[in-house]
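Read through the structure below, which is laid out as structure tokens, and then see the notes.
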Amino acid sequence: MKRFLLVAALLLVLVLLVACSQDTVPPAPQPEAAQVECPECQACADAPVCPEVQACPEPEVCAEPVVAVVPFEEQWANSPHNDITAEAFNHWNEDDPAQIPESCAKCHSTSGYVDFLGADGSEAGVVNAPHPIGSTVECSACHNDATIHKTSVVFPSGIEITDLGDESRCMECHQGRESKVSVDAAIEKVGLTDSPDEVSADLGFRNIHYFAAAATQYGAQAEGGYQYDGNSYDIKFYHVDGFNTCNTCHDPHTLEINIVACQTCHTDVNTVEDFAKVRMAGSEADYDGDGNVEEGVVEEIAGVQETLFTAIQAYASEVAGTPILYNPAAYPYFFGDANANGQVDEDESGYASWTPRLLRAAYNYQVATKDPGKFAHNGKYIIQLMYDSIADLNTAVTEPVDMTTMHRIDPGHFAGSEEAFRHWDEEGAVPSSCAKCHSADGLPQLISEGVITSQPVSNGFKCTTCHANMEDFSRIEITDVTFPSGATVSMDDP
């Protein structure tokens, strides 16, 4: 082992000696590098300057509400005008597209009514486009820049009623959609103006629409009912001072009647249902001819209407050749009675055997049906329409309805349809020479002031023509009367 290590050491020494004995070889010369000019560096673009941070604007202070609570909002919210479930506001929900057509939007949406008024900047007096579903009669419908200045209403007959107040807002939609004018136009269109008893398949029923209270109240001035040529009709029913418009009898937000105020004259009225019993001194005729003059005007109207339907059915069967039925809750209301069972069955369709005479009578029957407040709005106008319809139908049947005990008008002082009060309708005023006895306010003016001026045309006398007040109905006192001869007679003379 020692020998092996010695040999290894000697070999290592030998290798070192050999390495040290070799000459160092210098490196080969290298060619001189060519000088290259460095390109100029492009200038660095200026770094973008960060914009100054804008201070956040101070938030505007929310405006204080004009009022803490919207006036009458709660009353309106629970009224029929805001009944979001009513058919009047949901009829078009399933249509495609679901929108309210131009012909209906005026009265079945807030935006449509505002459109009609021109309060949205559009043309006033017309609705030119459909309106969205989903609204009711909201605050802005009746409270806007247009309604503030509204003083007139044009009815479907084309007749304009002027000098109105806030009631004009109601009258636009409670005027109906038909009139004598449109019924006559429908008859003329099928060429039957001079053929009242000829059936036409092209003649259809005309529906006045619903709750046409303004048409009822204004009577002959609006021509909402079918008024027969040659006959005269009551004009606007004048109730009493202070309660003579929509919004003085009805709360304009709840639509309810102010029963407490009504009790001044209608002392037996404690509920809305009690109005059916009301009958005042100006309505004492037995209109329906049943011999009962104690029943309310509601029952008198119902009696006349029952007689009218009897006449309609008799005429339809005998002259038109097809029995007729009526359902007030199902459109188109009048139906054919195909199986003659006296009932409207599901498979029976709308009546299709119309003659001009039958259409006129049926239209008036519908007018009387679709205004539930007709007895208060202008009951005698409704009675006159139905009375004349019965009389007209009677001329064409072999067994006329007996009308001998029925009455169309009241005794003189309250017969507003008669010449004594209608003579000045075209002039629009009763002259001072006639106003004392042919207007409602002429006599009271003479008694209180000693003079008479021209007066508005009247629908007969009013309570205040003869009575000093409405609490105890005491009569206006007159001490003496001067006759045309100049003679004066005292009430105290024997």
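The values are calculated or read from the model by the stated rules, or taken from the named source; none is laboratory data. Owing to the predicted nature of the structure, the values given are computational and were not obtained by experimental measurement. Positions of Cβ are backbone-derived with ideal geometry, glycine not excepted, and every protein chain shown enters the neighbour counts.
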Revision key, fill the gap. Residues of region 443-494 being hydroxyl-bearing (Ser, Thr, Tyr) and under 15 Å from ALA281 (Cα atoms), in sequence order, are THR464, THR465, SER474
Check your understanding: Which residue out of GLU178, GLU198, GLU188 is of a type in the set (Asp, Glu), part of a loop (DSSP other than H, G, I, E, B) and more than 21 Å from VAL126 (Cα to Cα)?
Key -> GLU198
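Residue-wise test of (1) farther than 30 Å from ALA276 by Cα; (2) more than 28 Å from the chain's Cα centre (by Cα); (3) among the hydroxyl-bearing types (Ser, Thr, Tyr).
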{"site": "ILE301", "(1), (2), (3)": "no, no, no"}
{"site": "GLN305", "(1), (2), (3)": "no, no, no"}
{"site": "ALA311", "(1), (2), (3)": "no, yes, no"}
{"site": "ALA314", "(1), (2), (3)": "no, yes, no"}
{"site": "ALA320", "(1), (2), (3)": "yes, yes, no"}
{"site": "LEU325", "(1), (2), (3)": "no, yes, no"}
{"site": "PRO328", "(1), (2), (3)": "no, no, no"}
{"site": "PHE335", "(1), (2), (3)": "no, no, no"}
{"site": "ASN341", "(1), (2), (3)": "yes, yes, no"}
**Study point:** When residues of region 242-260 are limited to those that are part of a loop (DSSP other than H, G, I, E, B) and over 18 Å from the mean Cα position of the chain (by Cα), the one farthest from VAL278 (Cα to Cα)
**Key:** GLY242
Point to revise | Test set (1) over 30 Å from ALA320 (Cα atoms); (2) among the hydroxyl-bearing types (Ser, Thr, Tyr); (3) assigned to a loop (DSSP other than H, G, I, E, B) - SER157 fails condition number | key: (1)
**Study point:** Candidate set: region 343-401, residues that are in a loop (DSSP other than H, G, I, E, B) and β-branched (Val, Ile, Thr); chosen: the one surrounded by the fewest Cβ atoms within 10 Å (Cβ to Cβ)
**Key:** THR398
Point to revise | Index of the failed condition, GLU167 passing every other in (1) surrounded by fewer than 19 Cβ atoms within 10 Å (Cβ to Cβ); (2) among the acidic types (Asp, Glu); (3) closer than 27 Å to THR85 by Cα; (4) outside the structural domain of LYS106 (by TED's automatic domain parsing) | key: (1)
Revision key, fill the gap. Those residues of region 101-118 that are part of a loop (DSSP other than H, G, I, E, B) and crowded, with 18+ Cβ neighbours inside 10 Å come to a total of 1
Exercise for review: For region 328-342, enumerate the residues that are free of Cβ contacts under 8 Å to residues at least 24 places away in the same chain and under 19 Å from THR310 (Cα atoms).
Suggested key: PHE335, GLY336, ASP337, ALA338, ASN339, ALA340, ASN341, GLY342
Exercise for review: Return yes when VAL269 is out of contact with any Pro (no Cβ under 7 Å at 6 or more places or on another chain) and modelled with pLDDT of 95 or more and no when it is not.
Suggested key: yes
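When the residues of region 206-241 are narrowed to those that are assigned to a loop (DSSP other than H, G, I, E, B) and at pLDDT below 95, which ends up surrounded by the fewest Cβ atoms within 10 Å (Cβ to Cβ)?
ASP241
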Point to revise | Members of region 301-311 found to be out of contact with any Ser or Thr (no Cβ under 8 Å at 6 or more places or on another chain), surrounded by 16 or more Cβ atoms within 10 Å (Cβ to Cβ) and in contact (Cβ under 8 Å) with a residue 24 or more places away in the chain, listed by number | key: ILE301, VAL304, THR307, PHE309
Check your understanding: Any idea which of (1) part of a loop (DSSP other than H, G, I, E, B); (2) of a type in the set (Phe, Trp, Tyr); (3) out of contact with any Phe, Trp or Tyr (no Cβ under 7 Å at 6 or more places or on another chain) is the one PHE461 doesn't satisfy?
Key -> (3)
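If I filter region 119-133 down to residues being more than 13 Å from CYS173 (Cβ to Cβ) and either hydroxyl-bearing (Ser, Thr, Tyr) or touching a Phe, Trp or Tyr at 6+ places or on another chain (Cβ under 8 Å) (or both), which single residue comes out as surrounded by the fewest Cβ atoms within 10 Å (Cβ to Cβ)?
GLY125
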Revision key, fill the gap. Reported set for region 414-438 where residues are without any contact (Cβ under 8 Å) to a residue 60 or more places away in the chain and under 24 Å from VAL297 (Cβ atoms) is ALA415, ALA420, PHE421
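Can we say VAL451 is free of Cβ contacts under 8 Å to residues at least 60 places away in the same chain and outside the structural domain of THR264 (by TED's automatic domain parsing)?
Working: free of Cβ contacts under 8 Å to residues at least 60 places away in the same chain: yes; outside the structural domain of THR264 (by TED's automatic domain parsing): yes.
Yes.
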Exercise for review: Determine if region 202-211 includes at least one residue that is basic (Lys, Arg) and out of contact with any helix residue (DSSP H, G or I) (no Cβ under 9 Å at 6 or more places or on another chain).
Suggested key: no
